[in-house]
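Enquirer: Have a look at this one.
Any read-out appearing in this document is the output of simple, stated calculations on the displayed coordinates, not a laboratory observation. Predicted model, so just to flag it, every value in this text is computed and none were measured. We place every Cβ from the backbone using ideal geometry, glycine too, and count neighbours over all the protein chains shown.
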Amino acid sequence: MPTPADPFAPVGESCHRDGQPCGYKPATAPDACGKPATWHVMWDPGTCDNSLTCDEHMALIQSRWVYVDRHPVGPDCTMPGALWEYSNRWCVIPDDEPALAVARALNGDR
Ligand SMILES: [Zn+2]
Ligand SMILES: [Zn+2]
C-alpha cells in the first residue's frame, strides 16, 4: 500500500528488485520483452556477458543458441559485486573475508 510521503518512490529503471524484466529483444521488436525474468543466463564468462530472460525466451534460447550456464533468477542476481557460482548454480555476493582469503590464495600470499 503506497504511503503519501514514500521516500523510496521509484526513480527510473532499477535492476535490484524482484520482478527483473526479461532483456530479450527480438530483432523485429523496438523494445525488450520486459516480462518478469525467470532465468539468468551466462553467455561468456570471459567478458561476464550475461542476461535475464523469461520462460518463453529461455525456450527460444535453448532452441537456437549455446550458453555456458544458467540458473533461476535469485535475489542476488545482477546485484553489484555478485559473483556467478557455477558449482551452486546461483549468484552470490561474497563476504569480504572469504573473498580476501581467496584473493590471497590466488596471489600465493600466506
Ligand atoms: Zn522474454
Ligand atoms: Zn544469477
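Enquirer: Go through region 47-55 residue by residue and turn each phi into a ³J(HN,Hα) via Karplus (6.51, -1.76, 1.60, θ = phi - 60°); whole Hz please, and just put x for glycine and proline.
Expert: Values per residue, Gly and Pro as x: 9, 6, 7, 9, 8, 9, 8, 8, 4 Hz.
Enquirer: Taking H as built 1.01 Å from N, whose amide H comes closer than 5 Å to the amide H of Val73, not counting residues under 5 places away?
Expert: Under 5 Å from the amide H of Val73 lie the amide H atoms of Trp39, His40, each far enough along the sequence or on another chain.
Enquirer: Sorting check: for 87-94, 26-33, which peptide has the highest mean count of neighbouring beta carbons within 10 Å, and how do the rest follow?
Expert: Put in order of decreasing packing, that is 87-94, 26-33.
Enquirer: Per-residue HN-Hα couplings for region 66-83, Karplus 6.51 cos²θ - 1.76 cosθ + 1.60 at θ = phi - 60°, whole Hz, x for Gly and Pro?
Expert: With coefficients 6.51, -1.76 and 1.60, one gets 10, 10, 7, 7, 7, 7, x, 4, x, x, 9, 4, 6, 5, x, x, 5, 10 Hz.
Enquirer: So if we plug the beta-carbon distance of Trp65 and Ile93 into 1/(1 + (r/R0)^6) with R0 = 22 Å, what FRET efficiency do we get, rounded to 0.05?
Expert: Rounded to the nearest 0.05, the efficiency is 0.20.
Enquirer: In addition: Would you mind checking which residues have amide H under 5 Å from Trp90's amide H? H placed 1.01 Å from N; only 5 or more apart, or other chain.
Expert: Those lying under 5 Å, H to H, from Trp90 are Glu85.
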